[in-house]
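First the structure, in the form of structure tokens, and then the observations on it.
The values are calculated or read from the model by the stated rules, or taken from the named source; none is laboratory data. Everything numeric in this text was worked out from a predicted model, so none of it was measured. Every residue, glycine among them, receives a Cβ derived from its backbone with ideal geometry; neighbour counts consider all protein chains shown. For accessibility, only protein heavy atoms count, side chains too; no ligands or nucleic acids. Shrake-Rupley method; radii C 1.70, N 1.55, O 1.52, S 1.80 Å.
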Amino acid sequence: MLFRRFTIFALILFFVSPLCRTDAASAQEYSLDDLYRLAIKQADRVMIAEEDVYIAERDKDRALSALFPRLTVLGEYRRYSSFESSLSTGSVVQPETTKFFSVRLDQSLYTSGRELTALRIQRNVITRSRYDLYSIKEDLLQRVAVAYYDVFKARRAVDIAETNVARLTKHRDAARTRVRVGEVTKTALLRAEAELSGAASDLTRARNTHDLARAVLARIVGISGDYSLQHDGKDMPQSQSLQPLVSECAITDVACFKDRAESQRSEIKSLEVQRKIAEDQVRFARGAIWPTLSLEGVYQNRDDRPMPASLVRESTYGGVRMTLPIFEGGLRVAEVASAQARERQARLSLNDAKKSVRIDVENAYLDLKTQGGILKSLEDQVVFARDNYSAIAKQFEFGLSNSIDVMDANTLLVTAERQLADAQFNYQLSILRLERATGALLKTVSSRMPEAAMAAGSSGSRPGFFAWSRVKSLFSFTNPGAADVPNGNGLRRVSEQDLAK
């Protein structure tokens, strides 16, 4: 009996233990490009911008419909409560039933070009919406990259804190041994215990920061459940090296970066299109002052019961109609003035955006140059701080230094390690900021993504070719408006030595 129970218990453990390891084994591993792809696929802001493009395309169809003739069919049947006739003449005043049928064709002949202007405006609105979608995708990719590197930065902070705890634990044990043999006073042990307690609290804080960074990344990308991130080595992720990807500009030529940004940034292109739209809106408003000419043709058929003697059952006619506004209380003048003001606003917004973009490029360039310049110095500082701590720790073991010297050396080492970790990841982020500032981030990301992986995505909620259009828009990593996009020859790598110059 006991043997049977033991056998059943062993079988339960055999089948249940793999299930207990499912969560750990099912943790999905993501690279930075995987996170980019997931974010582009699932982000609500991207989907909203795609709907804006779709709405603009339908508005263009609506503007195009104004160029075609309009055919209207009308059918009507009436039954009156009573029949009325004239007592004197006997003619029908109100029949019992009336049937009416008509076909009407209307075609605008001349509207001072307003229909063509409206169509051109809607086409430009589509282009502007696509530029806005491109800009939203770039902003999203930058947010994903920042959150991605924040996770690794937090993980590195945890490693530094754990190493610091282990180092201080070893020093505390050494101080306790020396107190027992009477080589140092108890204050050295108390100081070591206090430093160790502070290091333990720093470790707890670092772990909480790491968990929060992972939660923020999962929220931005849309990851549910446990996950892990791909990396090589212990510190740096494999997505980018320490050599930045820059445009076809000399590393010292910041003016070239600024010019590239003005020609490639989707925000600038969107405002340029908005300026064209504002100019066309002025033309559209002025066109309402001029007369309009239209052509109409009508066929009518009417059947009344009883039938009046003067009833014309069928009639067909055509006509030309001209409409000229004479006085509308200053409405047209106000509309033209308002459109002109919006045009001036569009020009001023474009000029302001160009200035802001140049400042963004200047800031990103100087930040990249700064991070590249201090990285080597911080690496040397960490090496010197480690050697210094090792030497002072050995001196403490032989009684040649005191506890304060060890604590100072440990503080210097921890500070240098944290500064180096911050500089390493800030350098990665500065690369992305420069790419974003010059408008090359989305193009750089798309160059690393295989076409097969990009084609596998959600088809959206619209059936037919609308769904296919949404798929193409979802994974479109090219700047809209091919005529406006510079024909670059790719990107080149720049060494840290050139960057530090």
A 1.4 Å probe over the protein heavy atoms gives the range 299-396 a carbon and sulfur accessible-area percentage of 55 percent
Accessible area of the range 79-217 divided out per residue, in Å², using a probe of 1.4 angstrom:
52 Å²
Semi-axis lengths, Å, the range 140-201, gyration tensor of Cα atoms, sqrt of 5 times eigenvalues:
39, 9, 5
Give me the Å³ per residue figure for the convex hull around the C-alpha atoms of the range 396-440.
52 Å³
Length gain on complete extension for the stretch TYR110 to ALA66, per 0.36 nm per residue less the alpha carbon to alpha carbon distance?
14.6 nm
For GLN419 and SER447 in one chain, what is 0.36 nm times their gap in residues minus the Cα-Cα distance, to one decimal in nm?
6.8 nm
Of all accessible heavy-atom area on the range 123-200, the percent that carbon and sulfur account for (1.4 Å)
51 percent
About its Cα centre, what dipole magnitude does the range 72-113 give when the only charges are +1 on Lys and Arg Cβ and -1 on Asp and Glu Cβ, stated in debye to the nearest 20?
80 debye
To the nearest whole percent, what portion of all C-alpha pairs in the range 304-454 is separated by more than 23 angstrom?
72 percent
Could you compute how fast the range 292-349 diffuses translationally, taking Rh as the Kirkwood radius over C-alpha pairs and applying Stokes-Einstein at 10 °C with viscosity 1.306 mPa s? Give it in µm² per second.
96 µm²/s
Starting with the highest mean, order 112-123, 31-42 by the number of other Cβ atoms within 10 Å, averaged over the residues of each peptide.
31-42, 112-123
Can you give the net charge of the other residues whose Cβ lies under 14 Å from the Cβ of THR72, counting K and R as +1 and D and E as -1?
-1
If you project the alpha carbons of the range 84-175 onto their three principal axes, what span does each projection cover, largest first, in Å?
132, 39, 15
Loop-only check: which trypsin sites (Lys or Arg not before Pro) in the range 302-339 are DSSP coil with at most 13 other Cβ within 10 angstrom?
ARG313
Taking a cut-off of 16 Å between Cα atoms, list the lysines near LYS376, but don't count ones fewer than 8 places away on the same chain.
LYS501
Rolling a 1.4 Å sphere over the protein heavy atoms, what is the accessible area per residue of the range 373-443, to the nearest Å²?
42 Å²
Relative packing of peptides 212-224, 259-271 - highest average C-beta neighbours within 10 Å first
259-271, 212-224
